[in-house]
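*Asks:* I have a structure here, written as structure tokens, and I will follow up with some questions on it.
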Amino acid sequence: MNTAFLDRLRSAVRAVPDFPKPGIIFKDITPILGDAALLRETVDALAEAARPLAPSKIVGIESRGFIFGAAVAVALGVGFVPVRKKGKLPWTCEAVSYALEYGEATVEIHKDAVARGERVVVIDDLLATGGTAAAAVELVRRLGGEVAEVQFVIELGFLNGRRLLPGVAVRSLLTY
Ligand code: AMP
């Protein structure tokens with residue numbers, strides 16, 4: 001991929017120490033969103049990677065995955081499906097719970113959002129421990145969908161989130 005673009009992308013990611021709690025270095029992608037050229041190039045990079053996989057839906061993970069995922073869906077001319085935290089989606093849902101550092105979280109998808117046999121690409125802004133993405137993959141599979149790839153703008157490689165995504169194609173634009 002275009003290394004000048006990736007250098008600009010990396011420079012735009014703002015590291016915010018101790019947010020939302022002490023010890024976490026939060027990767028803030030809002031400078032990417034605010035830069036018209038970078039936003040377009042980031043969406044194009046994800047869309048061009050997804051296009052040959054011929055997905056018929058893009059699944060975006062709440063909440064920054066909605067921003068990139070919806071843009072990629074428009075670029076590819078396919079539909080968009082939100083995966084949301086428990087209690088936010090109004091229709092009948094499939095739910096998957098997963099472990100957090102302390103406690104657990106649940107994500108949901110509308111049961112009619114992905115058809116049996118449908119190919120999807122899952123998108124989020126960042127891969128950390130992998131729990132969220134693995135739960136999103138499980139949701140798609142429970143509906144009978146096929147996950148062609150999971151895409152991230154940023155991967156925190158040192159947290160090895162890929163180990164929770166065995167057998168799933170994973171692509172990240174930037175790795176830390
Ligand atoms: P995980 O389930 O640990 O892979 O966490 C992934 C989700 O948490 C993604 O939706 C990210 O947006 C968010 N997240 C986790 N860690 C960070 C971080 N250091 N900076 C920004 N977002 C994060």
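A short reminder: the numbers here are calculations on the coordinates, not readings from a lab. Bear in mind the structure is a predicted one, so any value in this text is a computation, not a measurement. Reconstructed Cβ throughout: ideal geometry from the backbone, glycine too, with neighbour counts over all protein chains shown.
*Asks:* Collect the residues in the range 164-176 that are among the polar types (S, T, N, Q) and either within 12 Å of the ligand (Cβ to nearest atom) or surrounded by 17 or more Cβ atoms within 10 Å (Cβ to Cβ) (or both), keeping them in residue-number order.
*Replies:* Once the filter is applied, which keeps residues that are among the polar types (S, T, N, Q) and either within 12 Å of the ligand (Cβ to nearest atom) or surrounded by 17 or more Cβ atoms within 10 Å (Cβ to Cβ) (or both), the range 164-176 yields only SER172.
*Asks:* How many of the residues making up the range 100-111 are of a type in the set (D, E, K, R) and either touching a Lys or Arg at 6+ places or on another chain (Cβ under 7 Å) or away from the ligand (no atom under 14 Å from the Cβ) (or both)?
*Replies:* 2
*Asks:* Mind checking whether some residue in the range 91-99 is closer than 29 Å to PRO31 by Cβ and either away from the ligand (no atom under 12 Å from the Cβ) or among the aliphatic types (A, V, I, L, M) (or both)?
*Replies:* Initial filter on the range 91-99 (closer than 29 Å to PRO31 by Cβ): none.
No; the residues of the range 91-99 include none that is closer than 29 Å to PRO31 by Cβ and either away from the ligand (no atom under 12 Å from the Cβ) or among the aliphatic types (A, V, I, L, M) (or both).
*Asks:* Filter the range 1-17 down to the residues that are touching a strand residue (DSSP E or B) at 6+ places or on another chain (Cβ under 8 Å) and assigned to a helix (DSSP H, G or I), then identify the one that is nearest to ALA49 (Cα to Cα).
*Replies:* So, considering only residues that are touching a strand residue (DSSP E or B) at 6+ places or on another chain (Cβ under 8 Å) and assigned to a helix (DSSP H, G or I), the one nearest to ALA49 (Cα to Cα) is LEU6.
*Asks:* Could you pull out the residue among ALA15, ALA45, ALA37 that is surrounded by fewer than 16 Cβ atoms within 10 Å (Cβ to Cβ), among the small types (Gly, Ala, Ser) and over 22 Å from THR132 (Cα atoms)?
*Replies:* ALA37
*Asks:* Then there is this: Does the range 112-130 hold any residues that are without any contact (Cβ under 8 Å) to a residue 60 or more places away in the chain, within 16 Å of the ligand (Cβ to nearest atom) and crowded, with 19+ Cβ neighbours inside 10 Å, and which are they? Show your work before the answer.
*Replies:* Let us first name the residues in the range 112-130 that are without any contact (Cβ under 8 Å) to a residue 60 or more places away in the chain, namely 112-117, 127-130.
Filter once more, so that each one left must be within 16 Å of the ligand (Cβ to nearest atom): 127-130.
Result: LEU127, GLY130.
*Asks:* Do you know which residues across the range 136-163 are touching a residue at least 24 places away in the same chain (Cβ under 8 Å), more than 8 Å from the ligand (Cβ to nearest atom) and over 20 Å from ALA71 (Cβ atoms)?
*Replies:* Scanning the range 136-163 gives VAL137, GLU138, LEU139, ARG142, LEU143, GLY144, GLY145, GLU146, ASN160, ARG162, ARG163.
*Asks:* Is it true that ILE109 is buried (at least 16 other Cβ atoms within 10 Å of the Cβ), within 29 Å of ASN2 (Cβ to Cβ) and either charged (D, E, K, R) or touching a residue at least 24 places away in the same chain (Cβ under 8 Å) (or both)? If you could, list the steps in order and put the result at the bottom.
*Replies:* Values: buried (at least 16 other Cβ atoms within 10 Å of the Cβ): yes; within 29 Å of ASN2 (Cβ to Cβ): no; either charged (D, E, K, R) or touching a residue at least 24 places away in the same chain (Cβ under 8 Å) (or both): yes.
In short, no.
*Asks:* To continue, here is another question. Within the range 69-83, how many residues are closer than 23 Å to ALA128 by Cβ and crowded, with 19+ Cβ neighbours inside 10 Å?
*Replies:* 6
*Asks:* So how many residues does the range 18-69 have that are free of Cβ contacts under 8 Å to residues at least 40 places away in the same chain, near the ligand (Cβ under 10 Å from one of its atoms) and not in a loop (DSSP other than H, G, I, E, B)?
*Replies:* Matching residues across the range 18-69 total 3.
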